[in-house]
Amino acid sequence: MVGLLLPLVLALLLGLALAFVLLHFLFVKQEPTKLPHGSMGWPLCGETLGFLKPHKSNSMGSFLQDHCSRHGKIFKSHLFGSPTIVSCDHEFNMFILQNEEKLFQCSYPKPIHGILGRLCLLVVVGDIHKRLRSFALNLISTCKSKPEFLHDIDKLAISIVESWKERKEVVFCEEAKKFTFNLIVKQILSLEPEEPLTSKILADFLTFMKGLVSLPLYIPGTPYAKAVKARARISSTVGEIIKDRRKGDVGIAKGDFLDVLLSNTSLSDEGKVSIVLDLLLGGYETTSILMATAVYFLGHSPHALEKLKANSLSLSLRRTPSHKENEGGRRTLELGRLQANAVHSQCNKAVTVINEALRCGNVVKFVHRKALKDVNFKGYLIPSGWKVLPVFTASHLDPSLHENASEFNPWRWAGQTTSKDVSPFGGGVRLCPGAELAKVETAFFLHYLVLNYRWKTKGEDCPLAHPYVEFERGLPLEIEPLETSLGRKS
Ligand code: HEM
């Protein structure tokens, strides 16, 4: 009898153990199923390579398209060496940005910190970020309010467009970079394009930018190692300029960003140099890419180009008596009018074109954040410590937010200068402080471009998201001066 019972009892115990394991798996291990769906990819590299695969910047790319259709707009993955929640949901993106320092925090990959420096605005968090950011905002708004500021933008835009007079072709990205770099070094450090220091900073800056998007290997000779060194050289060049300014022997009080910065005694020299680098870094590449995407999309949208041109013509013709011809006979645009229109007026065509270029061109595809605590959003668990990537491209191209989302259509912006359905400049306490500056620079340049030239892209060269946006061939344009151009001597 006992002999018969023993196997039965053993079978029962085994059954119970199995049931326990099953129940434990179903209920206790239920928690991870609250995580958004997704896959963690390969060990170590996860799905990073797929996520970074280049695609047209006015498209989501196959990785996001595929993941969103399989897992939904919020999904889990393993990117940049960490478990990650990717958000292609505009509402969640805004929630993340608005809850900076409360539920989420800026968190760029560690190797980038090595290049950007420990006091870079994209690296610092908490009170240090608040303090440094307020300096940057103050600098930008003080300089923006000066009349010379718009005058410099105007002058440089004219000189670049003017330098194309005898040319049939230009590589637009090179010209745009020349424009934005020369402007930002002029505004920050009062350096002119032809000064040797400008070329020195530019050479170091190009090395710096290459390293920023390279494999982070600190081995002598790699782009990463070269970038770290280039950053150190730019810092020491800026440090020397600061020393000279203090000595007062190289022109005191130039009224530029640096003067405003130097008048502040509560910030260390390291902090001052870091802010200068932040503004150089932020103001150079992004703005030139915005200009290039606007030119690219306008080139494919003759109707939008005609409207922009008509608008520029009417601005130029409505001149006030105080409006002067400059030395070259070129009519300088009435600055007050363009500023008022480009920045404040709701119906200025340049702003609608620029906003649409930002939506379609997606200069910044996504930003890096991490969750500071467990967060619940729309029934999803975002675990504390996980990386969180709000993808702006996805919401910019979301058909539920934008009708015919893949179409470049500046008229969708008629009557509005901003929209809560796009976030090209981020948001919350880290909203880009240079947003208006970038728009004004682009508006001025487009103004002179459309008034003076007809152009077409030499072969197709669309903006590609690497994820930083790049034109493979630099956007070569065939240009032809317009007979009726307002720039010619009348
Ligand atoms: C088309 C042009 C531009 C685009 C699309 C752009 C985009 C952005 C975005 C998305 C961020 C937020 C990053 C984050 O939240 O992690 C940002 C931050 C920043 N941008 Fe821009 N930007 C542009 C032009 C500029 C210009 C012209 C400047 C300066 C002159 C600038 C300076 C900065 C700085 C200093 C930050 C850091 C802000 C902070 O962390 O508090 N940007 N930008």
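The values are calculated or read from the model by the stated rules, or taken from the named source; none is laboratory data. Here the structure is a predicted model, which means the values were calculated and not measured. Cβ atoms come from the backbone with ideal geometry, glycine included; neighbour counts cover every protein chain shown. Accessible surface areas use protein heavy atoms only, side chains included; no ligands, DNA or RNA. Shrake-Rupley method; radii C 1.70, N 1.55, O 1.52, S 1.80 Å.
For V388, which of the numbered conditions (1) open to solvent by 10 Å² or more (accessible area, probe 1.4 Å); (2) over 15 Å from L290 (Cα atoms) fails to hold?
All conditions are met except number (1).
Check off (1) modelled with pLDDT of 95 or more; (2) among the β-branched types (V, I, T); (3) within 22 Å of S423 (Cα to Cα) for V171 and give me the number that stays unchecked.
Among (1) modelled with pLDDT of 95 or more; (2) among the β-branched types (V, I, T); (3) within 22 Å of S423 (Cα to Cα), the lone unmet condition for V171 is (3).
Consider the range 115-133. How many of its residues are in a helix (DSSP H, G or I) and either surrounded by fewer than 17 Cβ atoms within 10 Å (Cβ to Cβ) or among the β-branched types (V, I, T) (or both)? Spell out the reasoning first.
First pass over the range 115-133, keeping only residues in a helix (DSSP H, G or I): 115-116, 126-133.
Then keep just the ones that are either surrounded by fewer than 17 Cβ atoms within 10 Å (Cβ to Cβ) or among the β-branched types (V, I, T) (or both); that gives 115, 126-128, 130-131.
Residues meeting the conditions: 6.
Which one of S419, S406 is farther than 27 Å from V125 by Cβ, away from the ligand (no atom under 16 Å from the Cβ) and open to solvent by 20 Å² or more (accessible area, probe 1.4 Å)?
Numbers: S419 fails: away from the ligand (no atom under 16 Å from the Cβ).
The match here is S406.
Among the numbered criteria (1) within 13 Å of the ligand (Cβ to nearest atom); (2) modelled with pLDDT under 95, which one does E194 miss?
Among (1) within 13 Å of the ligand (Cβ to nearest atom); (2) modelled with pLDDT under 95, E194 violates only (1).
Need the failing condition index for P109 against (1) within 15 Å of the ligand (Cβ to nearest atom); (2) in contact (Cβ under 8 Å) with a residue 24 or more places away in the chain; (3) under 30 Å from K226 (Cα atoms); (4) surrounded by 16 or more Cβ atoms within 10 Å (Cβ to Cβ), just the number.
Here P109 meets the rest and fails (4).
Conditions tested, residue by residue: (1) open to solvent by less than 10 Å² (accessible area, probe 1.4 Å); (2) in contact (Cβ under 8 Å) with a residue 24 or more places away in the chain; (3) of a type outside the set (A, V, I, L, M).
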{"residue": "H402", "(1), (2), (3)": "no, yes, yes"}
{"residue": "G415", "(1), (2), (3)": "no, yes, yes"}
{"residue": "L437", "(1), (2), (3)": "no, yes, no"}
{"residue": "F444", "(1), (2), (3)": "yes, yes, yes"}
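Restricting the first residue to the range 153-168 and requiring it to be assigned by TED's automatic domain parsing to the domain that holds K439, which pairs with a second residue that is of a type outside the set (S, T, N, Q) and open to solvent by 60 Å² or more (accessible area, probe 1.4 Å) meet a Cβ separation below 9 Å and a spacing of at least six or different chains?
Close Cβ pairs (under 9 Å, with a partner that is of a type outside the set (S, T, N, Q) and open to solvent by 60 Å² or more (accessible area, probe 1.4 Å)) amount to L156/K178; I160/K178; K168/E478; K168/E480.
Report yes if some residue within the range 276-287 is farther than 30 Å from C462 by Cα, open to solvent by 40 Å² or more (accessible area, probe 1.4 Å) and either touching a residue at least 40 places away in the same chain (Cβ under 8 Å) or not assigned by TED's automatic domain parsing to the domain that holds R133 (or both); otherwise report no.
Looking only at the range 276-287, we keep the residues that are farther than 30 Å from C462 by Cα, and these are 276.
Narrowing the set further to residues that are open to solvent by 40 Å² or more (accessible area, probe 1.4 Å) leaves none.
Within the range 276-287 (the criterion being farther than 30 Å from C462 by Cα, open to solvent by 40 Å² or more (accessible area, probe 1.4 Å) and either touching a residue at least 40 places away in the same chain (Cβ under 8 Å) or not assigned by TED's automatic domain parsing to the domain that holds R133 (or both)), the answer is no, since none of the residues qualifies.
Criterion first (modelled with pLDDT under 85, surrounded by 13 or more Cβ atoms within 10 Å (Cβ to Cβ) and not assigned by TED's automatic domain parsing to the domain that holds L137) does R246 satisfy it?
Against the criterion (modelled with pLDDT under 85, surrounded by 13 or more Cβ atoms within 10 Å (Cβ to Cβ) and not assigned by TED's automatic domain parsing to the domain that holds L137), R246 does not qualify.
For residues in the range 143-189 being of a type in the set (D, E) and part of a helix (DSSP H, G or I), which is farthest from the ligand (Cβ to nearest atom)?
E162
Could you figure out which of (1) at pLDDT below 90; (2) hydroxyl-bearing (S, T, Y); (3) buried (at least 18 other Cβ atoms within 10 Å of the Cβ) isn't true of S145?
Single failed check for S145: (3).
Could you tell me which numbered condition S82 fails, if it satisfies all but one of (1) near the ligand (Cβ under 10 Å from one of its atoms); (2) touching a residue at least 12 places away in the same chain (Cβ under 8 Å)?
(1)
As an exercise: evaluate S214 against (1) over 28 Å from T457 (Cα atoms); (2) of a type outside the set (D, E, K, R); (3) in the same structural domain as E470 (by TED's automatic domain parsing) and give the number of the one condition it does not meet.
S214 satisfies every listed condition except (3).
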